[in-house]
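A short write-up of the structure that comes next.
The values are calculated or read from the model by the stated rules, or taken from the named source; none is laboratory data. Source: prediction; values computed, not measured. Cβ coordinates were reconstructed from backbone atoms using ideal geometry, including for glycine residues, and neighbour counts include every protein chain displayed. Ligands, DNA and RNA are excluded from the accessible area calculation, which covers all protein heavy atoms including side chains. Shrake-Rupley method; radii C 1.70, N 1.55, O 1.52, S 1.80 Å.
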Amino acid sequence: MKLQKVKGTKDILPGEAERWRHIEEKIRGVMARYNYGEIRTPLFELTELFAKGTGQDTDIVTKEMYTFPDKGGRSLTLCPEGTPPVIRAYLENSLGRRFPLVKLFYIAPMFRQENPQAGRLRQFHQFGVEAIGSPQPQMDVEVISLCMDIYQEVGLQGLQLKLNSIGCRDCRASYRERLKNYLADKSERLCADCQVRSVKNPLRCFDCKKEGCQLVMQEAPSTLDGLCQNCREHFQAVQNGLTDLGIPFEVDPGLVRGLDYYTRTVFEVLSSGLGAQDALCGGGRYDDLVEELGGEPTPAVGFAAGMERLLLSLNEAEETARLGPDLFLISLGPQAQTASLQLIHRLRKIGLRCEMDYLGRSLKSQLREANRQGAPFALIIGKRELESGEANLKDMRNGQEQKVSWADTQRIYSRIRGKDTEKPPIPM
Ligand code: HAM
């Protein structure tokens, strides 16, 4: 049998991994500006955490989890999403007792057994935040603006922010009843799954992708009509806050999100370039989850976004991460190669990205290799240069050459990085 990667997984090779790191650095930069601390939770958790947290009737829990027993007979699951694990860690480490408001972010792989297609994988990566402790609409606004700032920072434009409110525990109970009543006589127009959902958990019928069910749900009573006074005011304040920050949005009363824990605000950011899998990210408020997982009643709000979908929608041309070395050392002959190896060692130590030839290639093919790797500079060392101590530093972009003392790493560094960087960041 030929050994291949598992369906729905992806190798991230050098080159692409650079793109990932570049984006991750930008994400981390925005997270730091908003004062969110990083959290790293395990890749697997007790299955019960997701059954309780994500919700028994959700697609994730009923169809998509990678669940397996361990040797002790416990049922474990590879994390399909980050919110329940973060809340579990928040409770287990008593973070709420130490800080009244806990703002966390993560960048991590997630696992869902879905049908793979462009933008939908079985192992994918999410970046996300969870702000735990504040019921205020301003907190929702911060989370949404952080999310939009990340997309702006990486250069994604033409996005659509959709917003809705699905109410609190109290007003949602009566909304559920209204929805149940609405669906009661439409059973024959619903798929088999939705027939069950319409009785058990009618909000989940909004998640169904089948045309017949979608038609029925288009006519369904709106979540917004069922909001209590407090939820209506909260939703209005979120909208006002977004307007004040100049963040455009569209209220979509059919947006309920496919997870059970949401209360009040829910939102999604869509990108037209993504095709069928057009959701770049999704999130919302979940004021009951901390309590449902065994903590004190604690309001919270967050979002998570797919890394792969972000990278898919980014135009290659917008990538600014330059790949490859700053300098290619071209050595001619064994003695020059020995000298180059010592020089490259010193140059790397002071922070230059360097490469040299390890195949004994000719001058011409070493220059070709330097070009192929996109090195802006090449330093050519042969017998003559060894004797004189001077070598030509060639600017590969315009062909200009300048003489440098090739043992003077400080000089080489500043010639390559520009005059304003006389000193390397790492002391020699
Ligand atoms: P979600 O909507 O299930 O929400 O996922 C968030 C994002 O993860 C999606 O919008 C999409 O970009 C990405 N994603 C989901 N599944 C896949 C997949 N199979 N392949 C590629 N990308 C995928 C959550 O996960 C919630 N935990 C969000 C949240 C955090 N709500 C509050 N806090």
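Applying 1/(1 + (r/R0)^6) with R0 = 30 Å to the Cβ-Cβ distance of Asp225 and Ala118 gives a FRET efficiency near 0.25.
Only bridges with both residues in the chain count here: give the DSSP antiparallel percent, nearest 5. Could you put the intermediate results ahead of the total?
On the way: 51 of 63 bridges.
Antiparallel bridges: around 80 percent, rounded to the nearest 5.
A 1.4 Å probe over all protein chains sorts Asp11, Asp140, Asp170 by accessible area into Asp170, Asp11, Asp140, starting with the largest. Across the alpha-carbon atoms of the chain, the computed radius of gyration and Dmax are 27.7, 94 angstrom.
Fully extending the segment from Glu153 to Ser405 would add 86.6 nm, taking 0.36 nm per residue of separation and subtracting the current Cα-Cα distance. Result for the chain in a Gaussian network model with C-alpha springs under 10 Å: among Met31, Met139, Met396, the largest mean-square fluctuation is at Met396. Just checking the listed ones, Asp59, Asp207, Asp244: in the Gaussian network model of the chain with Cα springs under 10 Å, the one fluctuating most is Asp244.
Could you tell me the relative contact order of the chain? Use alpha-carbon pairs under 8 Å, at least six residues apart, and round to a whole percent.
Details: 722 pairs, mean separation 61.6, N = 428.
Value for the chain: 14 percent.
With the helix formula -39500 (n - 2.57) applied to DSSP H stretches of n ≥ 4, the chain reaches a computed 222 nm mean residue ellipticity of -11000 deg cm²/dmol. Of the residues Arg112, Arg21, Arg122, the one that moves most in a GNM of the chain with alpha-carbon contacts below 10 Å is Arg21. Pairs exceeding 29 Å between alpha-carbon atoms, taken from Lys26/Lys63; Lys71/Lys200; Lys26/Lys349: Lys26/Lys63; Lys71/Lys200.
Using the heavy atoms of the protein chains and a 1.4 angstrom probe, tell me the accessible area per residue for the chain in square angstrom.
Details: 21650 Å² over 428 residues.
Normalised by residue count, the accessible surface of the chain is 51 Å².
Rolling a 1.4 angstrom probe over region 170-225 with all protein chains present gives an accessible area of which 48% lies on carbon and sulfur atoms. Along its three principal directions, the equivalent ellipsoid of region 327-417 from the Cα gyration tensor extends over semi-axes of 16, 16, 13 Å, largest first.
Is the shape of region 118-249 best called rounded, prolate or oblate, per the rule: a/c under 1.5 gives rounded, else a/b larger than b/c gives prolate, else oblate, with a ≥ b ≥ c the square roots of the Cα gyration tensor eigenvalues?
Oblate.
Among the helices of the chain, those built from whole DSSP H runs whose Cα atoms reach 24 Å or more along their own axis and whose mean Kyte-Doolittle hydropathy is at least 0.0 are 137-154.
Per-peptide packing, taken as the mean over residues of other Cβ atoms within 10 Å, places 196-205, 338-347 in the sequence 196-205, 338-347 from highest down.
Kirkwood-type hydrodynamic radius, region 181-222: 9.8 Å, calculated from all non-identical alpha-carbon pairs. All distinct Cα pairs of region 247-306 go into the 1/r average, and the inverse of that average, the Kirkwood radius, is 12.8 Å.
As an exercise, identify the chymotrypsin sites (Phe, Trp or Tyr not before Pro) in region 260-368 lying in DSSP coil whose Cβ has no more than 14 other Cβ atoms within 10 Å.
Numbers: sites: Tyr261, Tyr262, Phe267, Tyr286, Phe303, Phe328, Tyr358; in loops: Tyr261, Tyr262, Tyr286, Tyr358.
For chymotrypsin sites (Phe, Trp or Tyr not before Pro) across region 260-368 that sit outside H, G, I, E and B with at most 14 neighbouring Cβ atoms in 10 Å, the list reads Tyr358.
Scanning residues 5 or more positions from Ser331 or on other chains, those with amide H under 5 Å from its amide H are Asp357, Ile381, with H placed 1.01 Å from N in the peptide plane.
Hey, any idea what % of region 327-417's accessible area is carbon plus sulfur with a 1.4 Å probe? Carbon with sulfur: 48 percent of the solvent-accessible area. What is the calculated FRET efficiency for Thr9 to Ser272, with r their C-beta to C-beta distance and R₀ = 25 Å, to the nearest 0.05? Approximately 0.40, to the nearest 0.05.
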